[in-house]
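The values are calculated or read from the model by the stated rules, or taken from the named source; none is laboratory data. Since the structure is predicted, the reported quantities are computational estimates derived from the model, not experimental observations. Reconstructed Cβ throughout: ideal geometry from the backbone, glycine too, with neighbour counts over all protein chains shown. When the accessible area is computed, the model is the full protein with side chains, heavy atoms only, and any ligands, DNA or RNA have been set aside. Shrake-Rupley method; radii C 1.70, N 1.55, O 1.52, S 1.80 Å.
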Amino acid sequence: MKESPSPMIDRPVLLTGASGLLGRLLAARLAALGWRLRLTDVKDFPDALPRNASFTQLDLEDRAGVSAIAEGCDFILHFGGVSTEQPFEAILGPNLRGTFHIYEAARREKARVVYASSVHVVGLYERSAKLDHDCPLRPDGYYGLSKAYGEMLARMYWEKHEVESVLIRIGSTLPKPTNERFLSTWLSHDDFVSLIACGRKAERVGCAIVWGASDNSRSFWRQDARHVIGWTPRDSSDDHLAAALGKVTDDAVAERFQGGVFVSVDYTRDGFPPSDMYAPV
Ligand code: 15L
């Protein structure tokens with residue numbers, strides 16, 4: 001017997017940052033799964049529009065515009081904003097004000113949000129550290145700091161307004177891992193798409209933090225809330241060791257920390273911070 005489509009599945013899904021690398025990947029892959037997509041980005045959408053998708057060029061700082069485009073959506077994939085290490089002023093508008101606008105829209109629409117957080121919220125942990133999702137954050141720059149703010153914003157909207165979120169601390173979403181760091185942080189395209197799909201399908205998610213990495217035995221990360229959304233990664237960087245082992249840079253700061261080259265940007269400390277900033281003294 002044919003199942004009738006759930007009403008949730010019929011409602012449009014808002015995808016911000018649609019013209020970025022991850023946005024374009026999601027637009028194509030989710031449309032192929034039959035999702036009805038409302039795409040938006042401050043930049044033009046560079047690809048042919050997928051089936052059942054519309055695109056609106058929009059600055060996340062435009063609160064009324066964000067509110068209008070989210071109307072009727074019950075699922076928001078928030079991938080917009082600055083995605084590299086930049087001066088504070090460049091990050092402030094899109095990442096802080098913009099994410100606030102998204103959460104205000106989600107609150108009004110009673111929508112669930114998938115928030116693209118990042119490895120850079122913990123980028124200043126050394127690579128030897130094994131982290132659980134509830135570890136203290138150690139952002140590695142203004143970008144990581146803005147992602148930490150986004151996570152806290154999500155937490156506040158969950159606790160005060162019951163807005164559900166899946167916070168994905170995305171490692172490195174690439175076709176293949178091509179250096180030693182990526183052996184720890186790699187998230188395959190298939191695992192990424194299945195994580196998003198699980199985030200939509202799950203009955204209740206609360207405010208769930210998930211490490212966005214495939215099943216890599218060299219992972220920096222352990223416990224998270226993936227069981228809440230029923231996600232299991234299928235790929236592993238272990239199958240790509242030959243292509244990545246020994247691929248390192250001569251940047252001692254980048255090679256020491258989980259955040260890699262983002263940590264080196266504007267790093268002025270002479271030496272390294274304590275290995276465990278949070279150990280009891
Ligand atoms: C991120 O958060 C960036 O947006 C992405 O471009 C990658 O650099 C990734 O982290 C990473 O550190 O591998």
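Among the candidates Arg181, Arg218, Arg222, the residue that is within 13 Å of the ligand (Cβ to nearest atom), at negative phi and over 15 Å from the mean Cα position of the chain (by Cα) is uniquely Arg181. When Phe79 is tested against the conditions (1) modelled with pLDDT under 95; (2) touching a Gly at 6+ places or on another chain (Cβ under 7 Å); (3) among the hydrophobic types (A, V, I, L, M, F, W, C), the lone failure is (1). The set of residues in segment 99-125 that are more than 16 Å from the ligand (Cβ to nearest atom) and either in a helix (DSSP H, G or I) or among the aliphatic types (A, V, I, L, M) (or both) comprises Phe100, His101, Ile102, Tyr103, Glu104, Ala105, Ala106, Arg107, Arg108, Glu109, Ala111, Val113. Inspect segment 187-194 for any residue being surrounded by fewer than 24 Cβ atoms within 10 Å (Cβ to Cβ) and hydroxyl-bearing (Ser, Thr, Tyr) and give the result as yes or no. Within segment 187-194, one or more residues are surrounded by fewer than 24 Cβ atoms within 10 Å (Cβ to Cβ) and hydroxyl-bearing (Ser, Thr, Tyr). The number of residues in segment 21-41 being surrounded by fewer than 18 Cβ atoms within 10 Å (Cβ to Cβ) and farther than 21 Å from Arg112 by Cβ comes to 3.
Would you call Glu159 more than 10 Å from the ligand (Cβ to nearest atom), part of a helix (DSSP H, G or I) and either over 18 Å from the mean Cα position of the chain (by Cα) or modelled with pLDDT under 95 (or both)? For Glu159, the condition - more than 10 Å from the ligand (Cβ to nearest atom), part of a helix (DSSP H, G or I) and either over 18 Å from the mean Cα position of the chain (by Cα) or modelled with pLDDT under 95 (or both) - is met. For segment 61-98, the candidate set comprises residues that are polar (S, T, N, Q) and part of a loop (DSSP other than H, G, I, E, B); within that set, the residue that is surrounded by the most Cβ atoms within 10 Å (Cβ to Cβ) is Ser83. Checking Arg138 against (1) in a loop (DSSP other than H, G, I, E, B); (2) open to solvent by 20 Å² or more (accessible area, probe 1.4 Å); (3) within 16 Å of the ligand (Cβ to nearest atom), which single condition isn't satisfied? Among (1) in a loop (DSSP other than H, G, I, E, B); (2) open to solvent by 20 Å² or more (accessible area, probe 1.4 Å); (3) within 16 Å of the ligand (Cβ to nearest atom), the lone unmet condition for Arg138 is (2).
Of the residues making up segment 238-273, those that are open to solvent by 50 Å² or more (accessible area, probe 1.4 Å), aliphatic (A, V, I, L, M) and within 15 Å of Thr178 (Cβ to Cβ) are Leu241, Ala242, Ala243, Leu245, Val248, Val261. Filtered by the rule that a residue be open to solvent by less than 40 Å² (accessible area, probe 1.4 Å) and without any contact (Cβ under 8 Å) to a residue 60 or more places away in the chain, segment 220-237 gives Trp231, Pro233, Ser236.
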